[in-house]
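Step one of this worksheet: look at the structure below.
The values are calculated or read from the model by the stated rules, or taken from the named source; none is laboratory data. Since we're looking at a predicted model, the values are computed, not measured. Positions of Cβ are backbone-derived with ideal geometry, glycine not excepted, and every protein chain shown enters the neighbour counts. Surface areas here come from the heavy atoms of the whole protein model, side chains and all, with no ligands, DNA or RNA. Shrake-Rupley method; radii C 1.70, N 1.55, O 1.52, S 1.80 Å.
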Amino acid sequence: MILDGNAAQSIAASAALIRAGGLLGLPTETVYGLAADADNADAVAQIFKAKGRPADHPLIVHVLDATGVDHFARDVPDFARALIAAFWPGPLTLILPRRDGVAAASAGGQNSIGLRSPSHPVAQALLKACLDASDGQVVWGVAAPSANQFGRVSPTTAAHVHSEFGDAVTVLDGGPCAVGIESTIIDCTRGV
């Protein structure tokens, strides 16, 4: 099913789906992602299964803004915070030391985690709705690798995602992606 990403009821339904442990096709400015609650290991396992991706390949976690960094990362260096201030939201992923007890499945079991804040307005609306849970169930971020089978071309429209997964995955339609390739990744775990 494809939902209008500009409709408030579609954003609310999609946030409820994420909170319930479901998968969602999510537009970003780079490519469409296959999103699930980054802290829910069962939901993240569905991403790996749907994509046919090895479970030890880390996933990028999308957060609303810099406030999500402190939930997932520890010992964030000043230069990483400067990059966040300069380039978020936008197509920049930072690899940071992962806090113990969070998003281990999303990180592929590694002690680091990739974080980014997408600038696409539909992604921003979804991430905001996930944080504003009236039932108290807050989702701090969504793991969202490209919404395609492992090794295939990344999707840049809702129709691409639907053709890849059919009605098994609900897709928020945010129009064609502006960038069309994955985000730049900077490893901030090495001190420079």
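At-a-glance table
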item: Condition met for ALA107 (open to solvent by less than 10 Å² (accessible area, probe 1.4 Å), touching an Asp or Glu at 6+ places or on another chain (Cβ under 7 Å) and assigned to a loop (DSSP other than H, G, I, E, B)); result: no
item: Yes/no for PRO58 being buried (at least 24 other Cβ atoms within 10 Å of the Cβ), touching a residue at least 40 places away in the same chain (Cβ under 8 Å) and within 16 Å of the chain's Cα centre (by Cα); result: no
item: Qualifying residue in segment 116-123 (condition: assigned to a loop (DSSP other than H, G, I, E, B), touching a residue at least 24 places away in the same chain (Cβ under 8 Å), in contact with a Gly (Cβ under 7 Å, 6 or more places away or on another chain) and open to solvent by 10 Å² or more (accessible area, probe 1.4 Å)); result: yes
item: Residue in segment 163-173 that is open to solvent by 20 Å² or more (accessible area, probe 1.4 Å) and modelled with pLDDT of 95 or more present; result: yes
item: Residue in segment 73-85 that is open to solvent by 70 Å² or more (accessible area, probe 1.4 Å), among the aliphatic types (A, V, I, L, M), modelled with pLDDT of 95 or more and not in a strand (DSSP E or B) present; result: yes
item: Options PRO176, PRO145; residue that is open to solvent by less than 30 Å² (accessible area, probe 1.4 Å) and either within 24 Å of PRO89 (Cα to Cα) or at pLDDT below 95 (or both); result: PRO145
item: Residue list for segment 179-192, filter: surrounded by fewer than 14 Cβ atoms within 10 Å (Cβ to Cβ), within 17 Å of the chain's Cα centre (by Cα) and in a loop (DSSP other than H, G, I, E, B); result: GLY180, ILE181
item: Condition met for GLY101 (small (Gly, Ala, Ser), in a loop (DSSP other than H, G, I, E, B) and open to solvent by 40 Å² or more (accessible area, probe 1.4 Å)); result: yes
item: Test set (1) closer than 23 Å to THR156 by Cβ; (2) out of contact with any helix residue (DSSP H, G or I) (no Cβ under 9 Å at 6 or more places or on another chain) - VAL63 fails condition number; result: (2)
